Amino acid sequence: MTKAERLALEQERLKEMKGFDEEVTGGAIAAGIDEVGRGPLAGPVVAAAVILPADFDVPGINDSKKLSEKKREALYDEITQKALAWSVAFVDNRVIDEINILQATKKAMVESVNNLSTKPEALIIDAVQLQDVEIKQHSVIKGDEKSLSVAAASIVAKVTRDRYMVEMAEKYPGYAFEKNKGYGTAAHYQGLRENGISEIHRKSFLKNFDVD
């Protein structure tokens, strides 16, 4: 396949994702909402809300899990520079322990919407329905694969949280946060055995883990 053919396919994919947003919302000004960090043993859950302009045409936007770190970083810059509005919200490990990860995820999502400088007319949310939000919502299963704005939000959330966990690796060395971002890798579990539970660990996720 030639470079021109690959570009044409990518433009068609983005057109379909943009068309999905328009169809779902009826052409309303929509914010895509997604989160990162439900599964880690440490750190916050982070949600992002992104409103893209109608002429947004940056190639490569996709579910953040399908992109390399280098690609996510480059796309983050383009999204945040060209978006009509964007915001992120953190809910930390202590709140996660208090209200559970699902409620913490919803809390982060609501806060990300409230933090937007432009109020959207509709929300496209990856697989979640929010309470206490008066804006019309569209909950979409695998929204980060189907919706351009949700995919953009997934990238912003992922890059934001990853950068934060790299910072936490300096503050809390010994858990390899710079590599695992708080997920339960062998190095992370070894760090728990050697150093115990840190201030940013989710104790509710470690109830059955024996720390020496």
Mind checking which pairs have a first residue in segment 81-103 that is closer than 18 Å to PRO120 by Cα and without any contact (Cβ under 8 Å) to a residue 60 or more places away in the chain and a second that is surrounded by 15 or more Cβ atoms within 10 Å (Cβ to Cβ) and among the hydroxyl-bearing types (Ser, Thr, Tyr), Cβ under 7 Å, 6 or more apart or different chains?
SER87/SER112; ALA89/SER112
Per the list (1) within 12 Å of the chain's Cα centre (by Cα); (2) among the aliphatic types (A, V, I, L, M); (3) outside any helix (DSSP H, G or I), residue check on ALA108 breaks on (3)
With respect to ILE124, is the statement that it is in a helix (DSSP H, G or I) and surrounded by 13 or more Cβ atoms within 10 Å (Cβ to Cβ) true?
no
So VAL133, is it in a helix (DSSP H, G or I), of a type in the set (Val, Ile, Thr) and farther than 20 Å from LYS66 by Cα:
no
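Would a scan of segment 150-165 turn up a residue that is in contact (Cβ under 8 Å) with a residue 40 or more places away in the chain and not in a helix (DSSP H, G or I)?
No, every residue in segment 150-165 fails to be in contact (Cβ under 8 Å) with a residue 40 or more places away in the chain and not in a helix (DSSP H, G or I).
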Report yes if ASP97 is among the charged types (D, E, K, R), outside any loop (DSSP other than H, G, I, E, B) and closer than 18 Å to LYS65 by Cα, otherwise no.
no
Looking at GLU178, is it at pLDDT below 95 and either under 23 Å from ARG72 (Cα atoms) or assigned to a helix (DSSP H, G or I) (or both)?
no
Out of the residues in segment 10-62 that are of a type in the set (Asp, Glu) and farther than 14 Å from VAL156 by Cβ, state the one that is surrounded by the most Cβ atoms within 10 Å (Cβ to Cβ).
ASP21
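Name the one entry in GLN137, GLN129 that is surrounded by fewer than 23 Cβ atoms within 10 Å (Cβ to Cβ), touching a Ser or Thr at 6+ places or on another chain (Cβ under 6 Å) and without any contact (Cβ under 8 Å) to a residue 24 or more places away in the chain. Can you show your working first?
Details: GLN137 fails: touching a Ser or Thr at 6+ places or on another chain (Cβ under 6 Å).
Matching residue, one of GLN137, GLN129: GLN129.
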Output the number of residues of segment 177-196 satisfying the condition of being more than 19 Å from the chain's Cα centre (by Cα) and surrounded by 18 or more Cβ atoms within 10 Å (Cβ to Cβ).
3
For GLU73: the one exception among (1) touching a residue at least 12 places away in the same chain (Cβ under 8 Å); (2) under 15 Å from SER149 (Cβ atoms):
(2)
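The values are calculated or read from the model by the stated rules, or taken from the named source; none is laboratory data. What you are looking at is a predicted structure, and each value in this text was computed from that prediction instead of being measured. Positions of Cβ are generated from backbone atoms using ideal geometry, with glycine treated the same way; all protein chains shown enter the neighbour counts.
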